[in-house]
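Just so you know, all these numbers are worked out from the coordinates, no wet-lab data involved. Source: prediction; values computed, not measured. No Cβ is skipped: glycine too gets one built from the backbone with ideal geometry, and neighbour counts run over all protein chains shown.
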Amino acid sequence: MKRACVYCGSSSGNDPSFTEVAITLGQSLVRHKLDLVYGGGRVGIMNVIAESVLNSGGDVIGVIPQSLMDREVGHDGLTELHVTSNMHERKSTMANLSDAFIALPGGLGTLEELFEVLTWSQLGFHRKPIGLLNTAGFYDSLLTFLEETVKAGFIKPEHHALLTVAKEPEELIEAIKTARPTEVDKLGHTHQTSPADT
């Protein structure tokens, strides 16, 4: 595992702990020798984690669509910056560059990206670990909802288990580095992978 993709808000939110955990996660990534892949912006929590990794001596790879670059929200101090033609290309590029995925607190875009990579994993398109950093209980309601979807028969327990949840960055990174995602297809066939499988 060399690169972790982090999904997070383009706003900072109204709880200082959201910014604090982004700084801590950035420092933890560098300690674990993981490069950061993120959405390439210089606003909100996105900017906080990028600056944290850079200030800690790590590498940051940004991926941003041209439309957002044109609005001058792209970060121009990154190790690499990929400019894509649209959002779909942005998301696929971020996924292809990454060996794992982590979601910080964020809004609609963060949720969309998280559920997209979870769906891709469910369908067997990738076998990369997916982590959720539940800072200050931010995702408690979402996690309760996901448990209800399992009880209702819409998500298999094996697919629910594709999401690794922790409250602290160091705990989450340690967990996803040892995660072995299990692929269960629609016919119920199971295949367990090693962390190196993609």
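Here are some pairs, Lys33/Lys128; Lys2/Lys177; Lys33/Lys177; Lys128/Lys151; which of them have Cα atoms lying more than 19 Å apart in this structure?
Working: Lys33/Lys128 17 Å; Lys2/Lys177 10 Å; Lys33/Lys177 12 Å; Lys128/Lys151 25 Å.
Too far apart for the 19 Å limit: Lys128/Lys151.
Multiplying the sequence separation of Ser85 and Leu143 by 0.36 nm and subtracting their Cα-Cα distance, what value in nm do you get? Working shown, then result.
Working: separation 58, 0.36 × 58 = 20.88 nm, distance 3.37 nm.
Here the answer is 17.5 nm.
So what's the net charge close to Val63: Lys and Arg +1, Asp and Glu -1, counting the other residues with Cβ under 12 Å from its Cβ?
Result for the neighbourhood of Val63: 0.
Find out how many positive minus negative residues lie around Tyr7, taking Lys and Arg as positive, Asp and Glu as negative, among other residues whose Cβ is under 10 Å from that of Tyr7. Display every interim value, and only then the final one.
On the way: positive: Lys91; negative: Glu112, Glu113, Glu116.
Overall, the nearby charge balance is -2.
Would you mind ranking Leu162, Leu54 so that the residue whose beta carbon has the fewest other beta carbons within 10 Å leads the list?
Values: Leu162 22, Leu54 18.
Fewest-to-most Cβ neighbours within 10 Å comes out as Leu54, Leu162.
Once the other residues with Cβ under 9 Å from the Cβ of Asn134 are scored (Lys, Arg +1; Asp, Glu -1), what is the net sum?
Numbers: positive: Lys167; negative: Asp140.
My count for the surroundings of Asn134 gives 0.
At a threshold of 8 angstrom on Cα-Cα distance, excluding pairs fewer than six apart, so keeping six or more, what relative contact order does the chain reach in percent? Mind showing how you got there, number by number?
On the way: 384 pairs, mean separation 41.5, N = 198.
Worked out over the chain, it gives 21 percent.
Which of Thr19, Thr119 has the fewest other C-beta atoms within 10 Å, and how do the rest follow up to the most?
On the way: Thr19 19, Thr119 12.
Listed from fewest to most nearby Cβ atoms, that is Thr119, Thr19.
How much length is gained if the chain between Arg180 and Ala152 is pulled fully straight, taking 0.36 nm per residue apart and subtracting their Cα-Cα distance, in nm to one decimal?
Working: separation 28, 0.36 × 28 = 10.08 nm, distance 2.55 nm.
That pair, Arg180 and Ala152, stretches by 7.5 nm at full extension.
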